[in-house]
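Reading through the structure tokens given below for one structure.
The values are calculated or read from the model by the stated rules, or taken from the named source; none is laboratory data. The model shown is predicted, which means the values in this text are computed figures rather than measured ones. Counting neighbours? That spans all protein chains shown, and the Cβs are built from the backbone with ideal geometry, glycine included.
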Amino acid sequence: MLVTGRRHSFALPIAKQLGFDLWLISSNGAVTRSLSGEAFHRDLMPAETCRRLCGAMQEFRGNTVLTFDKETKGAIVLERLDELEGSIQRWLEKNMQYIEFVVPIEKALVTDPVQAMFCGTMVRMNSALQVLEGSGMDETVTVLRTEYPERDLSMIDVLNGGCSKGHALERWANFRGYQREEVMAVGDNHNDVEMLEFAGHPVIMGNACEELRGRGWRVTGGNHECGLAAAVELAFGV
């Protein structure tokens, strides 16, 4: 499986290059769907929960992105671009056909979103995390981080409570009848922690963040060193 924080359609071109049928866990565990579009599970955030979140994060309106499970304009919703362009310019360019501008952003919540994302510099997103922690919403949402210090880029994904890559992988493994000991997971960032904790054979990439490095998990090569291939070869002798 490919397990990613990206939207299903954004990950699809990469998945298709692999040349075999597989399932994708996308949006950090919120959506599990096949290459052909068959849905297995969706874990959406209730619209009312998202309204509360947007209200609690007023000072980060310019860093806020909502995503919805559709493949048309409006799949990605924001109020404005000025605080996002510097940090995720390439992502914005590749997704522009799906982006809709809605002010205030709450008006887009006519259906349940997949997630909310707050994106910006490391310092700015550390402040956002502090506000989230004081919002009193920790019982209703899951907060996941993805950080790239060398790019001064931090993304905070807020999903429905109990939603993560790890929960989605466990759900799929149970459905297929696999035990934890039969599952290998490979990751490199903070949002991979739950997935790696579930897997009986956790492996981290050579470029993994420091939080993952301190857990005693096996390390493979980095993203630019065919690290995933090396991990599979070592595990299965292929």
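Data for the structure
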{"read-out": "Residue in segment 169-188 that is in a loop (DSSP other than H, G, I, E, B) and within 19 Å of the chain's Cα centre (by Cα) present", "value": "yes"}
{"read-out": "Residue match in segment 199-218 (condition: surrounded by fewer than 13 Cβ atoms within 10 Å (Cβ to Cβ) and either in contact (Cβ under 8 Å) with a residue 40 or more places away in the chain or part of a strand (DSSP E or B) (or both))", "value": "no"}
{"read-out": "Qualifying residue in segment 88-105 (condition: at pLDDT 95 or above and over 21 Å from Glu71 (Cβ atoms))", "value": "yes"}
{"read-out": "Residue count, segment 34-71 (criterion: touching a strand residue (DSSP E or B) at 6+ places or on another chain (Cβ under 9 Å), farther than 23 Å from Ser127 by Cβ, touching a residue at least 12 places away in the same chain (Cβ under 8 Å) and surrounded by fewer than 20 Cβ atoms within 10 Å (Cβ to Cβ))", "value": "6"}
{"read-out": "Looking only at segment 183-217, and only at residues there that are among the charged types (D, E, K, R) and at pLDDT 95 or above, the one that is nearest to Gly5 (Cα to Cα)", "value": "Asp192"}
{"read-out": "So Ser135, is it out of contact with any His (no Cβ under 6 Å at 6 or more places or on another chain), closer than 17 Å to Asn28 by Cα and polar (S, T, N, Q)", "value": "no"}
{"read-out": "Condition check for Ala15: surrounded by 15 or more Cβ atoms within 10 Å (Cβ to Cβ), under 24 Å from Met195 (Cβ atoms), in contact (Cβ under 8 Å) with a residue 40 or more places away in the chain and in contact with a Leu (Cβ under 6 Å, 6 or more places away or on another chain)", "value": "no"}
{"read-out": "Answer residue from segment 80-116, given it is in contact with a Ser or Thr (Cβ under 7 Å, 6 or more places away or on another chain) and not in a helix (DSSP H, G or I) and is farthest from Gln58 (Cα to Cα) among those", "value": "Val114"}
{"read-out": "Unmet requirement for Trp172, which otherwise passes all of (1) in contact with a helix residue (DSSP H, G or I) (Cβ under 9 Å, 6 or more places away or on another chain); (2) closer than 17 Å to Ser26 by Cβ; (3) not β-branched (Val, Ile, Thr)", "value": "(1)"}
{"read-out": "Qualifying residue in segment 119-132 (condition: in a loop (DSSP other than H, G, I, E, B) and in contact (Cβ under 8 Å) with a residue 12 or more places away in the chain)", "value": "yes"}
{"read-out": "Long-range neighbours under 6 Å by Cβ, at least six apart or interchain, first residue among the β-branched types (Val, Ile, Thr) within segment 140-157, second in a strand (DSSP E or B) and crowded, with 22+ Cβ neighbours inside 10 Å", "value": "Val141/Val158; Thr142/Leu159; Val143/Val158; Thr146/Met155; Ile156/Phe118"}
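Residues are listed down the side, and each one gets a yes or a no for (1) charged (D, E, K, R); (2) assigned by TED's automatic domain parsing to the domain that holds Arg80; (3) over 16 Å from the mean Cα position of the chain (by Cα); (4) farther than 20 Å from Asn160 by Cα:
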{"position": "Gly5", "(1), (2), (3), (4)": "no, no, no, no"}
{"position": "His8", "(1), (2), (3), (4)": "no, no, no, no"}
{"position": "Ala11", "(1), (2), (3), (4)": "no, no, no, yes"}
{"position": "Phe20", "(1), (2), (3), (4)": "no, no, yes, yes"}
{"position": "Gly29", "(1), (2), (3), (4)": "no, no, no, no"}
{"position": "Arg51", "(1), (2), (3), (4)": "yes, yes, yes, no"}
{"position": "Gly55", "(1), (2), (3), (4)": "no, yes, yes, no"}
